[in-house]
1. Restricted to the range 35-44, and to residues that are under 26 Å from residue 78 (Cβ atoms) and not in a loop (DSSP other than H, G, I, E, B), which residue is least open to solvent (accessible area, probe 1.4 Å)?
2. Only residues that are open to solvent by 100 Å² or more (accessible area, probe 1.4 Å) and within 14 Å of residue 14 (Cα to Cα): list them for the range 69-83, please.
3. What is the residue count in the range 1-34 for residues that are under 18 Å from the mean Cα position of the chain (by Cα), open to solvent by 70 Å² or more (accessible area, probe 1.4 Å) and not hydrophobic (A, V, I, L, M, F, W, C)?
4. Is there a residue being modelled with pLDDT of 80 or more, part of a helix (DSSP H, G or I) and closer than 25 Å to residue 6 by Cβ anywhere in the range 95-107?
5. Determine the pairs where a residue that is charged (D, E, K, R), located within the range 97-120, has a partner that is assigned to a helix (DSSP H, G or I) with Cβ atoms under 6 Å apart, the partner being 6 or more residues away or on another chain.
6. Just to be sure, is residue 66 surrounded by 13 or more Cβ atoms within 10 Å (Cβ to Cβ) and in a loop (DSSP other than H, G, I, E, B)?
7. How many residues does the range 90-124 hold that are within 13 Å of the chain's Cα centre (by Cα), surrounded by 10 or more Cβ atoms within 10 Å (Cβ to Cβ) and within 30 Å of residue 68 (Cβ to Cβ)?
8. Confirm whether residue 54 is modelled with pLDDT under 75, open to solvent by less than 70 Å² (accessible area, probe 1.4 Å) and in contact with a strand residue (DSSP E or B) (Cβ under 6 Å, 6 or more places away or on another chain).
Amino acid sequence: MKIADAIRISTSFPGMYSPVLFENRKFVDGGLLAPYPIDYFCGAEDVIGFLINRDKPDPNDKGTHYETDTIDKYFYSLLYILLNKYQDKCYLGYEKNTVFMRRSELVSPMDYNITKEKKQTLLDKGKECFLRFYVNKDKDD
């Protein structure tokens, strides 16, 4: 498989982008069914997962506002709510194996002009998240 095909598959969200046909099979983004597939490694104690996007709005909060002024923003907001509700359940039972990172502390994957200072900030933030995980991983709940 070409890297371009794999990237195209990874961006294929039903209803927004068409599936990719590869070897007579249709493929969509794997995050649709498994946004945090740490359970594939169940039983392994030395597995660490990185979960990004934990600074989402709370869909149960009546004050939360979602963009719905166009049909594409409406469907994006709906997909966002559904995927985040599902993602909330994916890490349960694996909290001690999960490094939580906030999306707002990272940069956009489309930002190609990252300054040296921003790179250092990202490295420091990654280290901080990992150290918080490492210090708390063996604590009893």
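The values are calculated or read from the model by the stated rules, or taken from the named source; none is laboratory data. Predicted, not measured: the structure shown is a model, and the values here were computed from it. Note that each Cβ is placed from the backbone with ideal geometry, even for glycine, and that neighbours are counted across all protein chains shown. The protein model used for the area step is the full one, side chains on, heavy atoms only, and it has no ligands, DNA or RNA in it. Shrake-Rupley method; radii C 1.70, N 1.55, O 1.52, S 1.80 Å.
1. My answer is 38.
2. The answer is 75, 76, 82.
3. So the count comes out to 2.
4. Looking through the range 95-107, none of the residues is modelled with pLDDT of 80 or more, part of a helix (DSSP H, G or I) and closer than 25 Å to residue 6 by Cβ.
5. Close Cβ pairs satisfying both conditions: 105/125.
6. yes
7. Quick first cut of the range 90-124, residues within 13 Å of the chain's Cα centre (by Cα) only: 90-91, 98-104, 106, 108-109.
Next, only the ones that are surrounded by 10 or more Cβ atoms within 10 Å (Cβ to Cβ) stay: 90-91, 98-103, 106.
Right, trim to within 30 Å of residue 68 (Cβ to Cβ) and you get 90-91, 100-103, 106.
Residues that pass the stated criteria total 7.
8. Judged against the criteria, residue 54 is a match.
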